[in-house]
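Peer 1: This is the structure, below, for whatever I ask next.
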Amino acid sequence: MQKHIFAALTALCILSCSGAVSGFGNAQAFAEEQDRLQTDSADESLFYEFYKKAEEQGLSRSEAGEYLERLLADDIFEDGVMELTGLIIDDMDGNGLNDMFVMLRSCEEKGFYGSGCAWFYMNEDEPYRFVEKGCSYDGLFDLFAEDIDNDGNVEIVLSAEGDGCGAAGDFYKAVFKYKSDDTGCGIERMNLPSDLWEGYDDQGIMVSVYQEPESNRYSAYCSYFKEILYFDAENVSAPGEEPMWAGGNERGFFDLRPVKYRGKNALQASEYLYGEGGSAHEVATAQFIIKWDEEGNGYVAEWWIDNDRNGKDRYEKEKQM
């Protein structure tokens, strides 16, 4: 690459000094050469990032090259318009063959949200392109694959971190089902249960927090279950004579993870709860067990309050048994 750059610049200097090309011709030749050099530089950066991310996952350079070749053939980088921010190469559906998840961000439009896309390469199926304006494609994400609805097909769960810095931060959540049975092959989007207010671009369950008259005592009301749970946490201000609304859930679900629930697979999600001190006043974490019925509708099977971090592993421990 350095030899190409040196040779190109030398050629341009010779043209310029000799006067062989004058006026607009000189400028045009220089511009064309600059475009070519920028393209070479972009390609070199792409190759470096891809091989680096692939080698971090245990792939040899020759193995990684085969996957890169397929992406280049599909032109998912759009001639350098898109840059690589995330890569996972793994056997997601458990059939012994590696699959690929690729996250891209636009080089021309670097808005934090919506300025990119993600690709799923499952076996030899047609690649699936995911685009959502509320998702960040900056490369900060968590991804896992598990049959969380127990139908024999694997689900791929994506949590992409945004730039929100309050509470637990903000995460774009998406669940995808990969079907590879008699009903056909391909990826389809699954719903997460949510009762957040209309127009709110997130998924979660509404929880209201009340400060009780007793010192350092709170209650949480979940309208989804029409249930009140009590817990202890440190007050910021002195309690009144009657229960008073103090706060609730800040944003929606975060920390999505697979668990065993009553002998079957399920999804567990957390929500940050704040008190009378505002969003920085963390009083507890609400935990939710999410399942899907036979029609594919998501619902919350159980919830509880974890304000000492011990309740978080209630069902995770069962998975290790």
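Peer 1: Please list, ordered by first then second residue, the pairs with beta carbon atoms under 6 Å, 6 or more apart or interchain, first in the stretch 220-237 and over 17 Å from TYR274 (Cβ atoms), second assigned to a loop (DSSP other than H, G, I, E, B).
Peer 2: Hits for this filter: SER223/MET206; TYR224/ASP195; TYR224/ILE205.
Peer 1: Give the residue, chosen from GLU212, GLU282, GLU271, GLU276, that is acidic (Asp, Glu), touching a Leu at 6+ places or on another chain (Cβ under 8 Å) and buried (at least 16 other Cβ atoms within 10 Å of the Cβ).
Peer 2: Details: GLU212 fails: touching a Leu at 6+ places or on another chain (Cβ under 8 Å); GLU271 fails: touching a Leu at 6+ places or on another chain (Cβ under 8 Å); GLU276 fails: touching a Leu at 6+ places or on another chain (Cβ under 8 Å).
Of GLU212, GLU282, GLU271, GLU276, the one residue that is acidic (Asp, Glu), touching a Leu at 6+ places or on another chain (Cβ under 8 Å) and buried (at least 16 other Cβ atoms within 10 Å of the Cβ) is GLU282.
Peer 1: Among the residues of the stretch 231-250, are any in contact with a strand residue (DSSP E or B) (Cβ under 7 Å, 6 or more places away or on another chain), modelled with pLDDT under 95 and open to solvent by less than 30 Å² (accessible area, probe 1.4 Å)?
Peer 2: Scanning the stretch 231-250, I find at least one residue that is in contact with a strand residue (DSSP E or B) (Cβ under 7 Å, 6 or more places away or on another chain), modelled with pLDDT under 95 and open to solvent by less than 30 Å² (accessible area, probe 1.4 Å), so the answer is yes.
Peer 1: Could you pull out the residue among GLY263, GLY252, GLY247, GLY278 that is within 15 Å of ALA174 (Cα to Cα) and small (Gly, Ala, Ser)?
Peer 2: On the way: GLY263 fails: within 15 Å of ALA174 (Cα to Cα); GLY247 fails: within 15 Å of ALA174 (Cα to Cα); GLY278 fails: within 15 Å of ALA174 (Cα to Cα).
None of the others qualify; the one that does is GLY252.
Peer 1: Check off (1) buried (at least 16 other Cβ atoms within 10 Å of the Cβ); (2) at pLDDT below 90; (3) over 26 Å from LYS177 (Cα atoms) for MET321 and give me the number that stays unchecked.
Peer 2: It is condition (1) that MET321 fails.
Peer 1: Just wondering, is there one or more residues in the stretch 57-79 that are in contact with a Gly (Cβ under 6 Å, 6 or more places away or on another chain) and either more than 30 Å from ASN265 (Cα to Cα) or not in a strand (DSSP E or B) (or both)?
Peer 2: No, the conditions are met nowhere in the stretch 57-79.
Peer 1: Check ASP138 against each of (1) assigned to a loop (DSSP other than H, G, I, E, B); (2) closer than 22 Å to LEU46 by Cα; (3) open to solvent by 60 Å² or more (accessible area, probe 1.4 Å) and name the one condition it does not meet.
Peer 2: (3) is the only condition that ASP138 fails.
Peer 1: Just name the residue that is nearest to SER106 (Cα to Cα) out of those in the stretch 47-79 that are open to solvent by less than 40 Å² (accessible area, probe 1.4 Å) and of a type in the set (Gly, Ala, Ser).
Peer 2: That would be ALA54.
The values are calculated or read from the model by the stated rules, or taken from the named source; none is laboratory data. As the structure is a prediction and not an experimental result, all values here were calculated from the model. Positions of Cβ are generated from backbone atoms using ideal geometry, with glycine treated the same way; all protein chains shown enter the neighbour counts. For the accessible areas, the whole protein counts, side chains as well, though only heavy atoms, and no ligand, DNA or RNA atoms are used. Shrake-Rupley method; radii C 1.70, N 1.55, O 1.52, S 1.80 Å.
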